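Peer 1: Below: one structure in structure tokens.
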Amino acid sequence: MIKLRAVATPAARLGLVRALVGGYTFYYLARRRKMLREVVRTDPELFTPVGPVRALSRPVPAPVADTLNDATLVSTALFTLGVGHRLIGPVHSALLGWTLSYRNSWSMIFHSDNSLVLHTLVLGVSRSADAVSADALATGRRPDPHPRYGWPLTLMNALSTSVYLLSGIAKVKGPSGASWVRGDSMRRQVAIDSVRKEVFGSPAPKMAYALYRQRALFTLFAAGSLVVELFAPVGLLNRKLGRLWAVSAFGMHWGIRVIMGIRFRYQMSGVSFASWFEVERVLDLVRRAR
């Protein structure tokens, strides 16, 4: 059984993680504002609600969806800056969960959004704006290290490892079973994905063609991915193991990008794994430089 200890943690660490997650979210949503407006105006027959959107039997009017999307963007900016966090934190978490679920209700489900929504929820309901925020700057607060700033980060890490563990279990519980580790399923998936891209007019990754005949490499890739996913909770045992796992998962996603051309943007940005590291040291470096 994994025991999670209460460790005094700098408030700046939690605050900087909140700012990083919020900054990523703002960039992600701002670049897709036009796309989101187009999606909600497609054929209502394509609407298949997921998550909290299942409360709807039909789409909301497009102007209402636009307003909610823009409200999410505004709340993201306030969340990132740490303005009125006790109110904005929970409101932003709810709006982001709704907006991404509504977007996923119109097309394929982007499972990579799950980690972002879960991380935001933890940051939104915790005291992640006690430092590194507009609120803290206005009041001049400099809170001492405390376990209250550590448990949200530990929870974020536990949620991350749970997502990967479920992914690994899904692989070995699938049609291939434990033989998935041989790499044949991954190799077929890469081939099918490459053909699909070519058929629909987008180029397949060059590495997919270059590596397709290398069966031994796919066995190595498959085994490596299963280790990263099935043993993800081991990263909760101590900091060193956790950071090693985070770096491995980060590298795995970039490998998927190179070989298959599939982008897990939140994970590839590195922000998804910020809670594993002492990111507040960046602030110390800035202070010294000044």
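Peer 1: When you check R196 against the structure, is it over 22 Å from N157 (Cα atoms), of a type in the set (K, R) and loosely packed, with under 15 Cβ neighbours inside 10 Å, yes or no? Steps first, answer last, please.
Peer 2: Details: over 22 Å from N157 (Cα atoms): yes; of a type in the set (K, R): yes; loosely packed, with under 15 Cβ neighbours inside 10 Å: yes.
Here the answer is yes, as R196 does meet what is asked.
Peer 1: Here's another thing I want to ask about it. Given the structure, is E198 of a type outside the set (F, W, Y) and farther than 24 Å from L121 by Cβ? I'd like the intermediate steps shown before the answer.
Peer 2: On the way: of a type outside the set (F, W, Y): yes; farther than 24 Å from L121 by Cβ: yes.
Yes; evaluated as a whole, the condition is true for this residue.
Peer 1: Can I ask one more? Looking at (1) closer than 21 Å to S272 by Cβ; (2) open to solvent by less than 20 Å² (accessible area, probe 1.4 Å), which one does V132 not meet, given that it meets all the others?
Peer 2: (2)
Peer 1: Further question: For segment 139-153, check the following and say yes or no: at least one residue is free of Cβ contacts under 8 Å to residues at least 12 places away in the same chain, over 30 Å from L283 (Cβ atoms) and either assigned to a helix (DSSP H, G or I) or touching a Ser or Thr at 6+ places or on another chain (Cβ under 8 Å) (or both).
Peer 2: No: zero hits.
Peer 1: Out of (1) open to solvent by less than 50 Å² (accessible area, probe 1.4 Å); (2) free of Cβ contacts under 8 Å to residues at least 40 places away in the same chain; (3) polar (S, T, N, Q), the odd one out for T219 is which?
Peer 2: Failed condition: (1).
Peer 1: Counting only residues that are buried (at least 16 other Cβ atoms within 10 Å of the Cβ) and either of a type in the set (D, E) or within 23 Å of P203 (Cα to Cα) (or both), how many does segment 222-261 have?
Peer 2: So the answer is 8.
Peer 1: Something else about it: Need at least 2 residues that are in contact with an Asp or Glu (Cβ under 9 Å, 6 or more places away or on another chain) per element, so show me which helices (runs of 4 or more DSSP H) inside segment 1-116 make the cut, counting only ones lying wholly within it.
Peer 2: Working: elements: 11-31, 33-39, 62-81, 85-104.
Filter on segment 1-116 gives 11-31, 33-39, 85-104.
Peer 1: Something else: It is to be established whether one or more residues within segment 64-85 are open to solvent by less than 20 Å² (accessible area, probe 1.4 Å), farther than 27 Å from L165 by Cα and of a type in the set (D, E). It would help to see each step written out before you state the result.
Peer 2: Kept after step one, since they are open to solvent by less than 20 Å² (accessible area, probe 1.4 Å), are these residues of segment 64-85: 65-66, 72, 75-76, 79, 82, 85.
Narrowing the set further to residues that are farther than 27 Å from L165 by Cα leaves 65-66, 72, 75-76, 79, 82, 85.
Adding the requirement that they be of a type in the set (D, E) leaves 66.
Checked against the condition, which is being open to solvent by less than 20 Å² (accessible area, probe 1.4 Å), farther than 27 Å from L165 by Cα and of a type in the set (D, E), segment 64-85 yields at least one hit.
Peer 1: Please tell me if V279 is buried (at least 16 other Cβ atoms within 10 Å of the Cβ) and among the β-branched types (V, I, T). Working first, answer last.
Peer 2: Values: buried (at least 16 other Cβ atoms within 10 Å of the Cβ): yes; among the β-branched types (V, I, T): yes.
Against the criterion (buried (at least 16 other Cβ atoms within 10 Å of the Cβ) and among the β-branched types (V, I, T)), V279 qualifies.
The values are calculated or read from the model by the stated rules, or taken from the named source; none is laboratory data. Keep in mind it's a predicted model, so treat the numbers as computed, not measured. Glycine gets a Cβ as well: all are built from the backbone with ideal geometry, and neighbour counts include every protein chain shown. All accessible areas refer to the heavy atoms of the entire protein, side chains included, with ligands and DNA or RNA removed. Shrake-Rupley method; radii C 1.70, N 1.55, O 1.52, S 1.80 Å.
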